[in-house]
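The structure appears below as structure tokens.
What follows is calculated from the coordinates using simple rules that are stated; it is not laboratory data. Given the structure is predicted, the values throughout are model-derived calculations rather than measurements.
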Amino acid sequence: VQIQRMREQFLGMVTHELRTPLTSISAFTDILSHNRDGTLTERQLQQLDAVSRNTAQLSELMDDLIHVSRIERGEFNLMLSPTDLVEIVTEVCESLTPVIQHRGQKLVASLEPATLLLDLDRSRMIQVLNNLVSNASKFSPQGSNITVDMQLLVKDVQIEVADEGPGIDPAESEVVFDPFYRADNEHIRAVPGTGLGLYVARTIVRQHGGDITVVPAKSKGTRLRIVLPLERSTSDGD
């Protein structure tokens with residue numbers, strides 16, 4: 001118990017102490033990148049772009065650590081309201097399409113039905129879907145397809161995000177959701193990541209009364225399935 005408390009305190013301290021300087025670095029990098037005086041060379045602008053990308057990665061790490069700290073303290077709560085899940089999935093796909101196209105990939109979405117109102121935490125579900133679709137793109141080769149399929153079942157709604165990357169070993173289909181876990185795969189380890197995204201995503205979905213699982217891909221790649229109940233019991237998310 002004492003070790004757990006010390007770990008929580010350490011996570012809280014680290015995220016708090018690093019957040020302010022990280023915000024400052026990001027702000028000043030953005031100001032310099034505008035090159036209003038026109039005095040920066042192309043190489044200097046490229047270097048600033050590298051600083052910006054790495055700052056974004058650090059910011060993502062900070063966010064993940066904050067989420068983990070709140071989860072472990074039991075303070076990771078949902079703000080539920082009637083929300084159109086189809087609208088959320090569409091919004092995420094539209095926002096990530098330019099990034100995916102820049103990587104020479106194609107995003108294919110098949111959504112059913114046209115609208116679906118559920119009691120959801122909108123920002124948290126966007127976070128989950130952003131994580132899954134972004135990962136699918138990051139771990140897939142150029143020229144591949146990223147697919148997002150949404151299907152209405154009898155008691156649930158099912159969303160599957162599939163890619164054409166290296167895939168997940170069936171023996172690792174559960175441990176990939178453990179905090180800080182990174183698959184023992186050269187291709188996957190070459191992609192920057194914290195190993196916290198899927199842990200946080202599964203926590204969010206389970207608080208909604210659903211779950212995320214790895215399902216066997218039809219061919220190569222990884223297929224992740226989100227299942228959410230159409231009606232939540234009173235104990236869900238408590």
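Just so you know, the averaged projected area of the alpha carbon convex hull for the range 108-154 sits at 4.1 nm². Which lysines, if any, have their Cα less than 27 Å from the Cα of K220, not counting same-chain residues under 8 positions apart? Once the sequence-local lysines are set aside, what remains near K220 is K106, K138.
Ignoring everything except DSSP H segments at least 4 long, calculate the 222 nm mean residue ellipticity for the chain; use -39,500 (n - 2.57) per segment, divide by total residues, nearest 500. Computed ellipticity for the chain at 222 nm equals -16000 deg cm²/dmol.
Stokes-Einstein diffusion for the range 1-109, with the hydrodynamic radius set to the Kirkwood value over Cα pairs and evaluated at 10 °C in a medium of 1.306 mPa s, equals 90 µm²/s.
Among I100, I168, I31, the residue with the largest mean-square fluctuation in a Gaussian network model of the chain, with springs joining Cα atoms closer than 10 Å, is I31. Note on the range 59-167: Cα-only Rg and Dmax are 15.1, 43 Å. When the Gaussian network model of the chain links Cα atoms closer than 10 Å, the mean-square fluctuations of H34, H67, H208 top out at H34.
Between E60, E72, E17, which gets the highest mean-square fluctuation from a Gaussian network model of the chain, Cα cutoff 10 Å? Comparing E60, E72, E17 in the GNM, the peak value goes to E17. With contacts taken as Cα pairs under 8 Å at a separation of at least 6 residues, the range 27-173 carries a relative contact order of 19 percent.
Given in Å, the Rg to one decimal and the Dmax to the nearest whole number for the Cα atoms of the chain are 19.3, 62.
Kyte-Doolittle cut-off -0.5, length cut-off 18 Å along the helix's own axis using Cα: show which whole DSSP H helices in the chain pass. Qualifying helices, which must be both long enough and hydrophobic enough, are 2-33, 85-102, 122-138.
Per residue, what volume in Å³ does the Cα convex hull of the range 90-134 take up? Provide the component values of the computation, followed by the final result.
Details: hull volume 3.3 nm³, N = 45.
About 73 Å³ per residue, rounded to a whole number.
Rounded to whole Å, the principal axis extents of the Cα atoms in the range 43-99 read 49, 32, 10, largest first.
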